[in-house]
1. Take the residues in the range 464-491 that are under 20 Å from residue 396 (Cα atoms) and in contact with a Leu (Cβ under 6 Å, 6 or more places away or on another chain), then tell me which one is modelled with the highest pLDDT.
2. Just checking, does the range 629-637 include any residue being in contact with a helix residue (DSSP H, G or I) (Cβ under 6 Å, 6 or more places away or on another chain), part of a strand (DSSP E or B), not acidic (Asp, Glu) and not assigned by TED's automatic domain parsing to the domain that holds residue 581?
3. Since residue 289 meets every condition but one in (1) in contact with a Pro (Cβ under 7 Å, 6 or more places away or on another chain); (2) at positive phi; (3) of a type in the set (A, V, I, L, M, F, W, C), which condition does it not meet?
4. For residue 617, indicate whether it is surrounded by 15 or more Cβ atoms within 10 Å (Cβ to Cβ), at negative phi and either outside the structural domain of residue 556 (by TED's automatic domain parsing) or at pLDDT 85 or above (or both).
5. Out of 691, 654, report the one residue that is surrounded by fewer than 10 Cβ atoms within 10 Å (Cβ to Cβ) and either at pLDDT below 85 or in contact with a Ser or Thr (Cβ under 6 Å, 6 or more places away or on another chain) (or both).
6. Which residue out of 657, 661 is in contact with an Asp or Glu (Cβ under 8 Å, 6 or more places away or on another chain) and in the same structural domain as residue 680 (by TED's automatic domain parsing)?
7. Can you confirm whether the range 604-622 contains a residue that is in a strand (DSSP E or B) and more than 30 Å from residue 512 (Cα to Cα)?
8. Which residue, of 321, 315, is free of Cβ contacts under 8 Å to residues at least 24 places away in the same chain, touching a strand residue (DSSP E or B) at 6+ places or on another chain (Cβ under 6 Å) and either of a type in the set (Phe, Trp, Tyr) or assigned by TED's automatic domain parsing to the domain that holds residue 231 (or both)?
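The values are calculated or read from the model by the stated rules, or taken from the named source; none is laboratory data. Everything numeric here is computed off the predicted structure, so don't read it as measured data. Every residue, glycine as well, gets a Cβ built from its backbone with ideal geometry; the counts of neighbours run over all protein chains shown.
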Amino acid sequence: MERMKFKVWVVILVVGFSLGLLGQVRPYDRVSGEEQVWSMFRHDPYHTGVANEVEISPPLFLHFKINLGAETDSSPSFSNSALFIGDESGFMKCFDVSSGKLLWSVSKGDNVPIKSTPAVFDGKVYYGDDYGRLFCVSQENGDILWTYQAGDRIASSPLVVDIEGRKLLFFGSADRTVYCLDASNGTEVWQYTTNDSVYSSPVFYSGKIIVGSYDGYLYCFDAVKGNLVWKVELKNKLLSVSQKIYSSPAVDVSRRLVFVGSYNHYFYALNAEDGSVKWTFDAGSEIYASPIIYKDNVICPAVNGVICLNEDTGTERWRYTCSGNLFASPSLEFGYVMLSEKSGEFSCLNMQTGERIWNYTVASGSKSGPVPAYEHIFFYGDKTIYAFSDKSKVGQPILEVTPTKLDFGTVDKGSKLTQLLYVKNINRDVITGATIGDLQGTVSTDSDWITLDPLTFKSNSQTVSVTVDTSRFLEGQSYEGKIYVKTNGGNATIKVRISIKQSLNPSLSTSLKEIEFGNVDKGKILEANFYIENSHRDPVTGKWIGELKGTISSDKPWISVSPQSFESNKQLVNVKVDTSTLEEGKDYTGFINIVSNGGNISLSIHLIINKPLPPPVERKIIILQIGNNIFKVNDEIKTLDSPPIIKNGRTLVPIRAIVEAMGGSVSWDGTEKKVTITLKDTVIELWINKPQ
C-alpha cells in the first residue's frame with residue numbers, strides 16, 4: 001500500500017547547482033568559500049564516493065589513532081577540520097582531525113546505537129538512531145537543536161540539500177517510510193510509505209530523490225512535493241534469493257544514470273529520468289555497500305569483492321576478490337580505491353587495474369567505510385579510527401589552532417577588540433618528545449572588519465592577533481566571520497562571532513547639514529525649514545528607539561529659530577534671518593545649535609549682503625537733420641532757433657539746444673565775450689576770437 005502525506009512547502013535542496021542539463025550540479029556552490037570535504041554519506045548528494053580534494057598515494061603510514069571506545073557501523077563525515085561519527089553506545093562524537101582530540105560528544109544517555117552516517121551542513125550535524133530519532137545538533141558544540149521521531153529505527157544516512165536557500169532533509173526508516181523534513185527546524189514536509197523497511201540512503205538527482213526499499217523497489221520522488229515520479233521492481237528471476245535493497249544508489253549526473261545493488265546479487269544501471277533498466281550485472285553475491293562513480297567507471301561493491309564495470313555497457317573491466325566479507329562502502333581518491341573489510345583488512349587498489357598495492361590489518365572491521373579527508377584516509381576497526389597518510393608526509397608538522405572559535409560576546413558599537421589565536425605544531429616524537437617538522441603558513445579572513453597580525457609565519461608556536469572593528473555594525477545585530485589558517489601541517493577554519501548591544505538612546509540627525517542663502521539684498525527677511533529626527537530605529541520593525549528631546553538656539557542676533565525646544569522624534573524647525581541690521585557688501589556666517597539627549601549638532605547659515613547699486617544713468621538720444629529746425633530728444637519733437645548747417649566742410653550745430661536737451665545750460669558773458677557750458681559736474685568755457 002502506498003501512502004503519501006504532504007505538509008506546507010518548505011525548502012529545497014541542492015547544494016549549489018550549475019545545471020547545464022537539469023541536474024548537472026556542482027555540490028559545493030551552496031556556501032561561498034565553504035571547503036570541499038567529505039561532509040555526508042558518500043561525499044556528495046549524488047553519492048559518487050569520490051574525494052577529488054584529497055591527493056595522497058600509497059604506501060600509507062599510520063599518522064595517528066582515535067580511540068572511539070565503542071563499535072560503530074557509522075562512517076565518519078568531516079567539516080571545518082573536524083571528524084564526526086556516531087557509535088553503538090549512542091554517542092555522536094566530534095574529533096579534531098589534526099590531533100585526534102575529542103572536541104565534544106552528545107548522547108541521550110539511553111545507549112541507543114547510531115548506525116547512520118552524519119550529514120554536516122551549514123553548521124549543523126544530522127543523524128538518526130535505532131529508536132527512530134532524527135537529531136539535529138550544533139556542529140560547534142553538539143547542543144541538540146531539535147529532534148524528529150519516526151516510527152522505527154533509522155539506519156539510513158540523512159541527505160541535506162539546498163535549492164535557492166531553501167533546505168530539505170531526506171532519510172528512510174525501518175517503519176517503511178521515506179521522510180522529508182525542513183532542515184532548519186525539523187518540521188515534516190512530506191512522507192511516503194513503501195512496502196518494507198527503508199535502510200537505503202536517499203540520493204539527489206535533478207530536483208528528485210531516489211532511494212531503495214526492502215520491498216525490492218527503487219523509488220523516485222519529486223524532492224519538494226513528494227510526488228512519486230517512478231518506481232521500478234529490481235528482481236532476480238533466476239535465483240530464489242532475497243530481493244531487498246539495502247545499498248544506497250549513486251547517480252552519474254552527466255550520463256543520467258543511477259546505479260544500485262541488491263541482495264539478489266544483481267547490480268543495476270537505470271535511466272534516472274524514468275527508471276528504465278539499461279543493464280544488469282550478476283555480481284555473484286549480495287550487495288550491501290554503495291558504488292563508486294568515476295569517469296566512465298562504476299565500482300560494484302559486492303560482499304565477495306569489488307568489480308569495476310563500464311558505465312555504459314556493464315562490461316567487467318577488473319575484479320578484486322576480498323579475503324573477508326565487504327559490507328562497508330568503498331571510496332576513491334587520487335586514482336586509488338580504498339576498502340575496509342569486515343575481517344579488519346584495510347586495502348588500497350589501483351583504480352586502473354584493480355591490483356592491491358597496500359594493506360593494513362586490525363583485529364576486526366564493520367560496515368563503516370573508509371573516508372579520505374584532509375590529506376588522510378580514515379579507516380575504522382576494532383573500536384578505533386585509524387588516520388593514514390602517505391610517506392611524503394613523514395617528518396611534516398601537524399597543525400593545531402586554539403581556541404577553535406573566537407567569541408567576542410556582546411559589545412558596544414564602535415568598539416575595537418582584540419583576542420589571540422595560538423598556532424602550534426603538535427607533531428612530537430613519541431620517544432623524545434621533540435617537535436617534528438617546521439610549521440609555516442598564512443592567515444587570512446573573509447571579513448573586512450577583522451584584522452590579523454601577522455599574515456604569514458614560520459614558527460612551530462605562533463601567536464596571531466585578531467582585532468575586530470565594530471564601527472560599521474548595526475546595533476542589536478550579530479556578526480560572524482571566518483579566519484583561515486593554511487599551513488604545511490594542515491588547515492583550520494576559525495569562526496569569529498560578535499554581537500552589538502542595542503542602545504535605548506535616541507540618535508540626533510537633521511535633514512540639512514547647512515543653510516546657504518547666497519547673495520541677498522539688505523532689509524530682506526529670509527526663511528528656511530529643516531527637520532530634526534531621531535535616526536535610531538529598530539532594524540527589524542523600523543520603530544524609533546528612545547524619545548528625542550532638546551533645545552534649539554542660534555549664535556547670532558539676526559538669526560531666530562522656532563521652536564526653541566522640542567520633545568519629538570521628528571520636529572520641523574523654522575529659521576528666519578533678518579538682514580536689516582547687516583552691513584551691505586559683507587559676508588555673514590552663523591550657527592544653529594541643537595543640543596539633545598541623542599547628541600548635538602551645529603548647522604551653519606551663510607549669506608552675503610549685496611552692495612548698493614549706483615543710480616541709473618539717464619540716456620538721451622538727440623537726432624538733428626542738416627537744414628531742419630525740427631529735432632528729436634528721445635522721440636520728443638523740439639524746435640531749433642537755427643538749424644544745423646555744413647560750412648567749409650564742417651558740420652555746425654546749435655550748441656545751446658543740444659546742451660539744454662541733455663540737462664545742461666549755456667550762458668553768455670557779453671563783457672568777456674565768453675560762452676559757459678555747464679553739464680552736471682562738467683563746466684566748459686569758450687571765448688570769442690580767443691584761442692585756448
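1. Restricting to residues being under 20 Å from residue 396 (Cα atoms) and in contact with a Leu (Cβ under 6 Å, 6 or more places away or on another chain), the top hit is 487.
2. Residues of the range 629-637 in contact with a helix residue (DSSP H, G or I) (Cβ under 6 Å, 6 or more places away or on another chain): 633.
Subset that is part of a strand (DSSP E or B): 633.
Now drop any that are not not acidic (Asp, Glu), which leaves 633.
Subset that is not assigned by TED's automatic domain parsing to the domain that holds residue 581: 633.
Within the range 629-637, one or more residues are in contact with a helix residue (DSSP H, G or I) (Cβ under 6 Å, 6 or more places away or on another chain), part of a strand (DSSP E or B), not acidic (Asp, Glu) and not assigned by TED's automatic domain parsing to the domain that holds residue 581.
3. (2)
4. Values: surrounded by 15 or more Cβ atoms within 10 Å (Cβ to Cβ): no; at negative phi: yes; either outside the structural domain of residue 556 (by TED's automatic domain parsing) or at pLDDT 85 or above (or both): yes.
Judged against the criteria, residue 617 is not a match.
5. The conditions single out 691.
6. 657 is the lone residue from the list that is in contact with an Asp or Glu (Cβ under 8 Å, 6 or more places away or on another chain) and in the same structural domain as residue 680 (by TED's automatic domain parsing).
7. Yes: the range 604-622 contains one or more residues that are in a strand (DSSP E or B) and more than 30 Å from residue 512 (Cα to Cα).
8. Working: 315 fails: touching a strand residue (DSSP E or B) at 6+ places or on another chain (Cβ under 6 Å).
The conditions single out 321.
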